[in-house]
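The values are calculated or read from the model by the stated rules, or taken from the named source; none is laboratory data. Nothing here was measured: the structure is a model prediction, and the numbers come from that model. Cβ: placed from backbone, ideal geometry, glycine included. Neighbour counts: every protein chain shown.
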Amino acid sequence: MKHHGTIILLLALALFLCGCGIYSFSGTNIQPDVKTITIPTFEYKALRVNPTLANELSEAIRTRFRRMTSLEQVEMDGDLEITGEIIGYDVAASAVSADEVATQNRLTVTVKVNFESRKYPEDSFSNKNFSAYADYDSTNSLDAVESALCTEIIDKIVEDLFNATVAQW
């Protein structure tokens with residue numbers, strides 16, 4: 001009987017936490033009166049060109065918010081707005097052999113993000129950089145591995161961005 005009381009208490013606590021709108025099991029911290037979000041396509045301003053990266057990153061962010069929140073995505077004037085630009089897309093050696101030859105290369109993507117919370121301006125931030133990288137064997141050309149690397153990097157950036165905006169970690 002004591003075991004049933006504990007289960008009921010835990011269920012009531014879980015319903016309370018979800019119902020109050022302050023916490024959700026997806027890890028978000030969105031106030032109940034925040035209903036919409038605007039996420040325009042990020043601009044591409046890096047010197048090295050990847051023609052699909054801005055669209056892929058923007059769509060990955062939209063998908064994450066669609067899956068992990070109940071926010072309605074609107075074209076403009078959302079309660080929340082995330083804008084940004086890709087400012088870095090760089091390749092550099094990440095491991096060098098004894099005879100000074102690169103054995104691993106690293107692709108690094110840097111994104112500058114602005115987050116505006118129209119209802120809770122204290123949660124907003126401007127010009128915050130998010131960066132992620134992926135390493136690859138130098139025997140491969142960037143063209144051969146670029147798509148897979150970008151997918152990995154986008155996943156990391158989207159996770160960090162999501163946490164910084166609505167999970168506030």
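Here are some notes:
- Qualifying residue in the range 48-55 (condition: assigned to a helix (DSSP H, G or I), modelled with pLDDT under 95 and within 16 Å of the chain's Cα centre (by Cα)): no
- When 111, 91, 158 are checked against the criterion of being surrounded by 13 or more Cβ atoms within 10 Å (Cβ to Cβ), outside any helix (DSSP H, G or I) and in contact (Cβ under 8 Å) with a residue 60 or more places away in the chain, a single residue qualifies: 111.
- In this structure, residue 96 does satisfy being out of contact with any helix residue (DSSP H, G or I) (no Cβ under 9 Å at 6 or more places or on another chain), over 26 Å from residue 45 (Cβ atoms) and surrounded by 12 or more Cβ atoms within 10 Å (Cβ to Cβ).
- For residue 100: the one exception among (1) more than 15 Å from the chain's Cα centre (by Cα); (2) within 23 Å of residue 166 (Cβ to Cβ); (3) not polar (S, T, N, Q): (2)
- Where residue 84 falls short, out of the listed (1) out of contact with any Lys or Arg (no Cβ under 9 Å at 6 or more places or on another chain); (2) under 23 Å from residue 117 (Cα atoms); (3) not charged (D, E, K, R): (1)
- Qualifying residue in the range 58-69 (condition: part of a loop (DSSP other than H, G, I, E, B) and either touching a residue at least 24 places away in the same chain (Cβ under 8 Å) or surrounded by 14 or more Cβ atoms within 10 Å (Cβ to Cβ) (or both)): yes
- Checked across the range 117-125, the condition of being part of a helix (DSSP H, G or I) and buried (at least 17 other Cβ atoms within 10 Å of the Cβ) holds for at least one residue.
- Taking the criterion of being within 26 Å of residue 36 (Cα to Cα) and either outside any strand (DSSP E or B) or touching a residue at least 60 places away in the same chain (Cβ under 8 Å) (or both), no residue of the range 126-148 qualifies.
- Members of the range 70-88 that are part of a strand (DSSP E or B) and of a type outside the set (D, E, K, R): 73, 80, 82, 83, 84, 86, 87, 88
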